[in-house]
Amino acid sequence: MKNRHRHGKAAFTLIELLAVITIIVILAAIVVGGMGYVTDRQASEKARIQIALISKALEDYKLDNGVYPPSDNTADGLNQSSKLFEALYYDAAKEGSTPSGEFKIYLAELDPVNNKQGWTSGTGSPTTRILDPWGNEYRYRSAYGTATGGTASKNDNTQNPEFDLWSAGKDGRSRPAMPNSKENKDDIKNF
């Protein structure tokens, strides 16, 4: 038997290089997939914390005013976060917004100028919206009353006896009137 000796420097074969590249690609795919899962999980936890903070601010608002901030009682809760912003931050920030001259900001994190977490869109006007971690508007509806003065009957679409507050999740879609809808699967709710 003849022993073959290589002459010159040792090198990788094409097969060895392809195997190494394949392993690197597989490991990179696992890392990127894992990072996507971690990012989604982190956004969900952030939304839960934000909902808890807003809910606490709403409870404080009710203690001071006797009622929760009114909403238009829309079934889908859209376009109501600006009313929340006004009640929990903006109204108190305006001069002379209370009869006693006292100002109470219920949730300082809503400050549109010094907001480091991206909670709001806008610069403090009454149309500023409160946003979830995915950039969608938080949805809100109060069980009693409307923005024009109040009613004595409960909104039939409301899940919580006092108020509903939720994020439509990553997909930005929610159908609260249909609780078993697949669009609600990623919703994060206070109810």
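Our coupling estimate for region 14-21, obtained by passing each phi through the Karplus curve with A = 6.51, B = -1.76, C = 1.60 and θ = phi - 60°, is 4, 4, 5, 5, 5, 5, 5, 4 Hz, Gly and Pro reported as x.
Listed cross-link partners Lys62/Lys189; Lys116/Lys170; Lys116/Lys182; Lys62/Lys83; Lys46/Lys104 are compared with a 23 Å cut-off, the Cα-Cα value being larger for Lys116/Lys182; Lys46/Lys104.
So between Thr127 and Glu45, what do we pick up on full extension, going 0.36 nm a residue minus the alpha carbon distance? If you can, show how the numbers build up before the last one.
Details: separation 82, 0.36 × 82 = 29.52 nm, distance 2.64 nm.
Gain in length upon complete extension: 26.9 nm.
Given R0 = 45 Å, the distance between the Cβ atoms of Ile23 and Ala75 translates into a calculated FRET efficiency of 0.30.
FYI, it's all coordinate maths here, none of it is from the lab. Predicted model, so just to flag it, every value in this text is computed and none were measured. Backbone-built Cβ (ideal geometry, glycine too); neighbour counts: all protein chains shown.
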